[in-house]
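One structure is given below, encoded as structure tokens.
Where a number appears in this text, it was derived from the coordinates with a stated rule and is not lab data. Since the model is a prediction, treat every value here as computed from it, not as a measurement. Note that each Cβ is placed from the backbone with ideal geometry, even for glycine, and that neighbours are counted across all protein chains shown.
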Amino acid sequence: MQTNLPLEFIATSRGQRADEILRSCVHCGFCNATCPTYQLSGDELDGPRGRIYLIKELLEEGTNKARATQHLDRCLTCRACETTCPSGVAYGELAEIAREELGPTRPGVIGLTRLFLQWLIPNHRILRTMSYVGRYLKWLLPKPLASQVPSKISKTLGSQPSQNVHARKILLLQGCAQQVTTGDVNKGLVSLLDAHGIGVVTAPEEGCCGSLDLHLGDSTKANAAIQRNVDALFPLLDGGVEGIISTASGCGVTVKDYARILADDPKYADRAKVLSAKTYDISEYLSQANLPLTAKQPGQAIAWHPPCSLQHGQKITGVVESLLENAGYTLVPVADSHLCCGSAGTYSVLQYERGEALKQLKLENLLAADPQVIVTANVGCQSHLATGTSRPVLHWIEMLK
Ligand code: SF4
Ligand code: SF4
């Protein structure tokens, strides 16, 4: 694709990168075939190729802000288009640059909701209190917010470090929403690893990974969150931990990206690089750790939903499946497993109807072979899917002992 970006923009590292990415697109449109929002609407501007054109226009002329905002806000940032693209177009990075150009503010109710979510989600103590209150006042809340009230709320926040001393240890990321809605996942992992001779440490000062603000185009808040996390996590690497482990693929994909995001930050770049290189999804870690993991319910039929942040963001495929099958489970076939479930961070609130439509499509596919359990690898997908079915929706790690 030919580009004509303003010279002052090209002179910046963001501008240079945007130019490179735009030029790598050859307009073939293959990506549209795997884009969930294109499949919903059939509108070229709700597919990656159309959005890339809108971004190019935005960065070159800046005259189409309203249209670019509308169609970029409808994008899930699932990055299925990246997996499909034969030219290796880094769509996610380009969308991030465009969102930064558009800024985080929006008019009216949506703008207020965005601000509210940016404030609420990283404050896990307040989030937990409001989740309890939300249970009683659900009938008063607008549908998009009522749908987010978790059916299960963790009694305690965070997971305690291992009680036993082990020669091997990992640093476990706690997450924010994860502590409130799926807190048992990390608590269970601490026990699982303890039983297999691996200790767990946590960083008391850890905060939100920054993905929430990044997706909403608020680079100032995102960078502040990321820098705070580098300060919180880096000192703990000195204690001989084998890696920084995430059980929420949506957080893990962002922490792995700290090196890129802070590459131009003289104070943080080096530490961010080390930190990203030492971050692993729990599936990567366990597949290397070679532990004799077994099934809690051998032979149970499981439907696996790979989160976009795992399969498209971190490019991890087949690993969880092998771990579950080796442990003694049977995985049922699931059609269109490359498609997003509609959770996508705050998308299920801000784009409620689209999020619900994608959830229904996903659940139809997950339940088609009548599995006993649905498992996934990210707090957002787990909570979102659980609101649409009575079948248990768990993190896959909860299936192992
Ligand atoms: S598949 Fe890749 S090269 Fe083709 S239109 Fe989509 S982003 Fe561009
Ligand atoms: S990130 Fe997902 S929703 Fe957005 S354009 Fe790519 S495939 Fe479509």
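Which GluC sites (Glu not before Pro) in segment 330-380 pass both tests, a DSSP loop state and at most 14 other beta-carbon atoms within 10 Å?
Within segment 330-380, no GluC sites (Glu not before Pro) qualify (loop, at most 14 other Cβ atoms within 10 Å).
Using 0.36 nm times the number of residues separating ASP194 and ASN164, minus their current alpha carbon distance, what extension gain do you get? Intermediate results must be reported in sequence, preceding the final value.
Working: separation 30, 0.36 × 30 = 10.80 nm, distance 0.72 nm.
Gain on stretching ASP194 to ASN164: 10.1 nm.
Report the percentage of all Cα-Cα pairs in segment 228-271 whose separation exceeds 16 Å, rounded to a whole percent.
The proportion of pairs with Cα distances above 16 Å equals 42 percent.
Using the per-residue mean of other Cβ atoms lying within 10 Å as a proxy for protection, in what order, highest first, do the peptides 243-249, 178-184, 263-269, 336-342 fall?
Highest to lowest by the protection proxy: 243-249, 178-184, 336-342, 263-269.
After finding the eigenvalues of the alpha carbon gyration tensor for the chain, what semi-axes result from the square roots of 5 times each, listed largest first in whole Å?
33, 25, 22
So if the hydrodynamic radius of segment 83-181 is defined as the Kirkwood radius over C-alpha pairs, what does Stokes-Einstein give as its diffusion coefficient at 4 °C and 1.567 mPa s, in µm² per second?
Values: Rh = 17.1 Å.
After rounding, the answer is 76 µm²/s.
5 Å is the cut-off here: which amide hydrogens, built 1.01 Å from N in the peptide plane, fall below it relative to LEU394, excluding neighbours closer than 5 in sequence?
The answer is ILE374, VAL375, THR376.
Please list the radius of gyration and Dmax for segment 7-102, considering alpha-carbon atoms only, with Å as the unit.
Spelled out, the Cα radius of gyration and Dmax of segment 7-102 are 12.4, 38 Å.
Along segment 231-236, what does the Karplus equation 6.51 cos²θ - 1.76 cosθ + 1.60 (θ = phi - 60°) give for ³J(HN,Hα), rounded to whole Hz, x for Gly and Pro?
So the J values, rounded to whole Hz, are 4, 6, 8, 4, x, 6.
In whole Hz and in residue order, list the ³J(HN,Hα) couplings for segment 258-263 that follow from phi through the Karplus curve 6.51 cos²θ - 1.76 cosθ + 1.60, θ = phi - 60°; x for Gly and Pro.
After applying 6.51 cos²θ - 1.76 cosθ + 1.60, I find 4, 4, 5, 5, 9, 4 Hz.
Residue by residue, what Karplus-based ³J(HN,Hα) values in Hz, rounded to whole numbers, does segment 277-285 have, using 6.51, -1.76 and 1.60 with θ = phi - 60° and x for Gly and Pro?
Running phi through 6.51 cos²θ - 1.76 cosθ + 1.60 with θ = phi - 60° gives 5, 9, 9, 9, 5, 4, 5, 5, 5 Hz.
Net charge around VAL319, counting only other residues with Cβ within less than 12 Å of its Cβ (Lys, Arg = +1; Asp, Glu = -1)?
-3
Tell me which lysines have Cα within less than 22 Å of LYS278's Cα, excluding those fewer than 8 residues away on the same chain?
Counting by Cα, and skipping residues close in sequence, LYS278 has these lysines nearby: LYS169, LYS187, LYS256, LYS267, LYS315.
Segment 305-397: percent of C-alpha pairs farther apart than 17 Å?
Every Cα pair in segment 305-397 considered, those over 17 Å come to 47 percent.
Roughly what would the spin-label model give for ASP264 and TRP139, points 7 Å off Cα along C-beta, in nm?
In this crude label model, ASP264 to TRP139 measures out at 5.3 nm.
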